[in-house]
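What follows is a single structure, written as structure tokens, with notes after it.
The values are calculated or read from the model by the stated rules, or taken from the named source; none is laboratory data. Remember, it's a predicted structure, so these values are computed and weren't measured experimentally. Counting neighbours? That spans all protein chains shown, and the Cβs are built from the backbone with ideal geometry, glycine included. The protein model used for the area step is the full one, side chains on, heavy atoms only, and it has no ligands, DNA or RNA in it. Shrake-Rupley method; radii C 1.70, N 1.55, O 1.52, S 1.80 Å.
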Amino acid sequence: MTAAVTAAPPAPSRLADDDLDLLLLIRHFELALLDMFGRGELHGTTHTCLGQEYVPVALRPLLADGDHVFSNHRGHGHYLARFGDPHGLLAEVMGRQGAVCRGVGGSQHILRDRYLSTGVQGESVPVAAGVALHLRRAEPGHLALVHLGDGTWGEGAVYEGLNMAALWRLPLLLVVEHNGIAQSTPTSAQLAGDLAGRARAFGVAHTLVTSTDTNTVRAALAPVLRRVRERGTPAVVELRTHRVGPHSKGDDTRRPEEIGYARAQDWYARYARAYPEQFAAHDERQRRHVAEVVREVAGRPASRWEEAGRG
Amino acid sequence: MAERVVENLNQALHALLADDPGLYLLGEDLVDPYGGAFKVTRGLSTRWPERVLSTPLSEGGIVGVAGGLALAGQRAIVEIMFSDFVALAFDQILNFASKSTAMYGRAVPMRLVVRCPTGGNRGYGPTHSQSLQKHFVGIPGLTLCEMSPFHDNRAVLAGLLGSGRPGLFFEDKVLYTNRMYADGVVDELFRYDLVGADGDVARVWVDDPEQCDCVLVVPGGLAVRAVAVARELLLRDDIVCQVLVPSRLWPLDVDGLLPAVARAGRMVVAEESTAGGTWGAELAQAVHTRRWKALRAPVRLVHSADQVIPTAAHLERTVLVQDADIHRAVKEVVTGA
């Protein structure tokens, strides 16, 4: 049931320009948010995906418009990879006009077409199983994908949903971004056994991917998604990744060497070293693009929640 | 003789599934030949094996699946075997199904109903006898209804599913075996009609619907008991008590109650929930605010004791609201005792 994909080669592979642009868009979007929080220009909270940007970028061409994607609290990259819409997302985070959800949902609660995020861990797994139940009957070949973290596997909802998906043969894909830490608690202190064993207990295929190279990850994921579509059975993919930033903002209590280790694994610096010319041009372009998005959205009037939209 | 309430509910589910090919029914032990712990779902899985599914013991997961079906534009009804277990689905109800109707900044229809066999008097003990309605009062986006012998279940369930808001439907377990009332007749003394803006409130009266000494408001699960109390009050104490049974508990339909309350000037609310934070307290507050000057006495609340519900019948009676409690409350309010 468990298929391991070997670690990325020492040097990352060269990325297509559009993949690199998307990775960098997400990176600079997240950096801009932390920067704005630091200056007191954002209200509330946020969870950035620094270091984990390649997960939705690797998945992007493997997903069809008819697939449902369920995201979580750390979902900016998932949204940007699906829609390429930094204006709508930033307006949502800032509560400005043009916000995807009028500023009601904010960073963690977004619904657009077949993309939904919520702020409660694990809640989306049975919901996605319900969507997959409908897809199996009405739209075979499509799937429901849930992004979750290693910490989410403490929630019973994950197992209830996975159990039904396995019993009923539902096209449900759980994509686990295993970054080794749940807020401040290391995985070793919150997860007994391992995810491979947990998936095996349900008779569900599990694939481990340790690479952070977008091309390699995509190649490893492609057959998994194909199997979920063709067989209509659930699968778990576990991506060993690295949270380069804090859980939220300024709340990183890891030891310096732990943060240093995560940074050493970061695709961003490694790619910059491997392909300096390609990287520099795209990095600068996306940095400026995001700066312009921030400037433009910050100048918009406040979002409005119409009475008719209040449920 | 009219059908039993459980038959009416079973036929309602048959009709809804026949009418709507996008409607699913999920729950534990629903499929034939078992047909559900209270036999409400008998025959359904035989007709619609793809859409009537027995599930694992996963109340939270089942309601989550229903939420997913609703999100995908389908409809879903979930049976919780004993409503006590709906506590296990609280997150999906509170944080997903109800919130999703509004938290994305626009109205998102979530067409799902969670059916909750409810209440005591069957000796099932502390974790199988509760009336948990009060714990779901005041959740934005969520509607609460209760099964009654006056309200046709097909219409109530279709209304809930059609509203776009998720709903909880509480079904008193003793009521299943009672008969539906039909044609405006309760018995040789009492008549009933449906009033309020959408005919939501069943009004039970003797002689003249415009005349009574006191209004007794109860959810559907207490309807038969309330009618028995009204009969006793009339025959023993010469007190004319009008019983009002709203199908919808939340959001409150105060407008449907106010005309009768204002005429009588006296109101008692009875429910089986244990004390504290009750539905009746919400009703009382609403009536006090809107019709204080028309009241001759404050609204009186009757409910079960602030205790767990024991198993042994003689102990269960000491905790659950009894007909005598309701009788005494109405009499005291009317006589000013």
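Restricted to the stretch A:60-94, and to residues there that are in a helix (DSSP H, G or I) and in contact with a strand residue (DSSP E or B) (Cβ under 7 Å, 6 or more places away or on another chain), the residue that is most open to solvent (accessible area, probe 1.4 Å) is A:82. Scanning the stretch A:102-157 for residues that are small (Gly, Ala, Ser), in a loop (DSSP other than H, G, I, E, B) and more than 27 Å from residue A:197 (Cβ to Cβ) turns up A:103, A:105, A:119, A:141. Counting the residues of the stretch B:169-205 that are crowded, with 22+ Cβ neighbours inside 10 Å and at pLDDT below 95 gives 0.
Yes/no matrix, rows are residues, columns are (1) under 23 Å from residue B:121 (Cα atoms); (2) open to solvent by less than 40 Å² (accessible area, probe 1.4 Å); (3) assigned to a helix (DSSP H, G or I):
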position: B:277; (1), (2), (3): yes, no, no
position: B:282; (1), (2), (3): no, no, yes
position: B:286; (1), (2), (3): no, yes, yes
position: B:289; (1), (2), (3): no, no, yes
position: B:307; (1), (2), (3): yes, no, no
position: B:318; (1), (2), (3): yes, no, yes
position: B:324; (1), (2), (3): yes, no, yes
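Number of residues in the stretch B:46-61 that are within 14 Å of chain A (Cβ to nearest Cβ) and in a helix (DSSP H, G or I) equals 3.
Close contacts from the stretch A:145-169, counting a first residue that is farther than 17 Å from residue B:63 by Cα and within 13 Å of chain B (Cβ to nearest Cβ) and a second that is at pLDDT 95 or above and part of a helix (DSSP H, G or I), with Cβ to Cβ under 7 Å and a gap of 6+ residues or different chains, come to A:146/A:124; A:146/A:125; A:146/A:128. Checking each residue of the stretch A:112-126 against the condition of being facing another protein chain (nearest Cβ under 7 Å), farther than 16 Å from residue B:69 by Cβ and polar (S, T, N, Q) gives at least one match. Of all residues in the stretch A:297-311, those satisfying the criterion of being more than 14 Å from every other protein chain (Cβ to nearest Cβ), touching a residue at least 12 places away in the same chain (Cβ under 8 Å) and loosely packed, with under 15 Cβ neighbours inside 10 Å are A:298, A:301.
Determine if the stretch A:253-262 includes at least one residue that is away from chain B (no Cβ under 14 Å), open to solvent by less than 80 Å² (accessible area, probe 1.4 Å) and at pLDDT 95 or above.
Looking for residues that are away from chain B (no Cβ under 14 Å), open to solvent by less than 80 Å² (accessible area, probe 1.4 Å) and at pLDDT 95 or above, one finds none in the stretch A:253-262, hence no.
A residue that is facing another protein chain (nearest Cβ under 8 Å) and among the β-branched types (Val, Ile, Thr) occurs nowhere in the stretch A:69-84. Of all residues in the stretch B:63-89, those satisfying the criterion of being open to solvent by 10 Å² or more (accessible area, probe 1.4 Å), more than 11 Å from chain A (Cβ to nearest Cβ) and in a helix (DSSP H, G or I) are B:84, B:85, B:87.
I'd like to verify a number: residues in the stretch B:155-182 that are small (Gly, Ala, Ser) and in a helix (DSSP H, G or I), how many? So the count comes out to 5.
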